[in-house]
Amino acid sequence: MKKHLVKKSLAWLFDTGLRDFRGFPKLLNQALMSLNRTSGSRFYTYHARPKAQASIHLDSVNHAALSLPPTAVVIQGPLVHQDDFTIESARLYRRIMPQASIVVSTWRSEPAAALEKLRAEGFEVVLSDPPSTRGGNNVNFQMVSTCAGIRHAKQAGCEYVIKSRSDQRFHAHNVLPYLFALLAEYPPVDPARQRQRIIEPSLSLCRYRPYSMCDMFQFGHIDDMLTMWSQPLDPRSFTAEEYGRQRITPRKFSEDRVAEIYIHRGYLEAIGERTEVDLAVYYRQLADYFIVIDKDVLDIFWNKYDAQEHGLAGNPLYDAKRPTAKFYSRDWHVVRTFGVEALDTDPALMDVVEN
């Protein structure tokens, strides 16, 4: 009974608009500090981001001194209308990267007024029809809208592209020169296969689930990105909920080529690599063809599955059960410097049940 009353009180508190009053951040901080003193098992922190991009204050960057190749930011997916989320993201990217083209690649079914609003503010809008087959975990929707946006950017003369999602926002200042600096620091191992490495965050990159690299934010040469996203669509049709009704292990997820694994295994095979459900092979290919950065470098926000700042994709940080534990930038550096032998590649790690 007491637990029910507490839950009901918290729901009332956060549903009545009280979260917006001037002293709420201070009250929340005091509550968490008190909880940290009294909790017997956990420490709690929080992080708040402005909803409106106009409230985000940027550090000064001398963009005129930066000579960067023509670059596009492709925001793909259905528009998020609540809080003007997608258009506010586009506005922020224009401020962060004034030299980049901002392309919104979405569906013809979007409200005409919302599309016209984007065009009126100078954003490039690309419209597609949804695929007839959804693919595993709806991957074909992402493939169609991403490929359409990247092709548009290439036709416009762009040489590099950031791929982002309409329901995510990255806030990092000075991000574009940083990404180019990484490409300069880590040239491709085989230029015959790749123009450049592809940069991806550790946001959803699983260390024991081969080829589960992040398909949500990517940066690379536009030709490499087209190779990634123009491959044949997944002929299957199932949702994440449907797939999750069976017993799932990292090995099975990888063998079944679900979602981001379908994309990344297809990409590596397209450039001449042989993909195997083997941790040592997986780690080597991560080290050879990608650059892994941590999501904090990009300051990514994703308001979909979870409000945990460091658990947005359900990856455990401290839990004993670790089948979906993340592969971080530090792991990427370790493998590049010391080899795959520096990490545990025991095949049994891929056989722990995830769900």
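Just so it is clear, none of the values below were taken in a lab; they were calculated from the coordinates. None of the values given here were measured: they were computed from a predicted structure. Because the Cβ atoms are built from the backbone with ideal geometry, glycine has one as well, and the counts that use them run over all protein chains shown.
For the pair Arg284 and Thr133, a Förster radius of 22 Å applied to the C-beta separation gives a FRET efficiency near 0.10, rounded to the nearest 0.05.
The aspartates and glutamates whose alpha-carbon is closer than 14 Å to the alpha-carbon of Lys321, local same-chain residues fewer than 8 away aside, are Asp351, Glu354. If the chain linking Gln155 and Ala172 were pulled fully straight, counting 0.36 nm for each residue of separation and taking away their Cα-Cα distance, it would gain 3.4 nm.
Of all aspartates and glutamates in the structure, the ones whose alpha carbon falls short of 19 Å from that of Lys154, not counting any fewer than 8 places away in one chain, are Glu124, Asp223, Asp224.
With a simple spin-label model that places each label point 7 Å from the Cα along the Cα-to-Cβ direction, the separation between Ala181 and Glu241 comes to 4.5 nm.
Treating r as the C-beta distance of Ser230 and Val297 and R0 as 35 Å, the FRET efficiency rounds to 0.80.
Take peptides 26-36, 93-103, 69-79 and line them up by average Cβ neighbours within 10 Å, highest first, as a rough protection proxy.
Working: 26-36: 12.0, 93-103: 18.9, 69-79: 21.9.
Ranking the peptides 26-36, 93-103, 69-79 by packing returns 69-79, 93-103, 26-36.
With both labels modelled 7 Å from their Cα along Cα-to-Cβ, the Leu68 to Arg108 distance reads 3.4 nm. Within the shell defined by Cβ-Cβ distances under 14 Å, the residues around Arg134 carry a net charge of -3, with Lys and Arg each +1 and Asp and Glu each -1. A simple packing score, the average count of other Cβ atoms within 10 Å per residue, orders the peptides 141-151, 173-183, 281-291, 104-114 as 141-151, 281-291, 173-183, 104-114, with the highest score first.
Its convex hull of Cα atoms gives the range 69-351 a direction-averaged projected area, equal to a quarter of the hull surface, of 14.4 nm².
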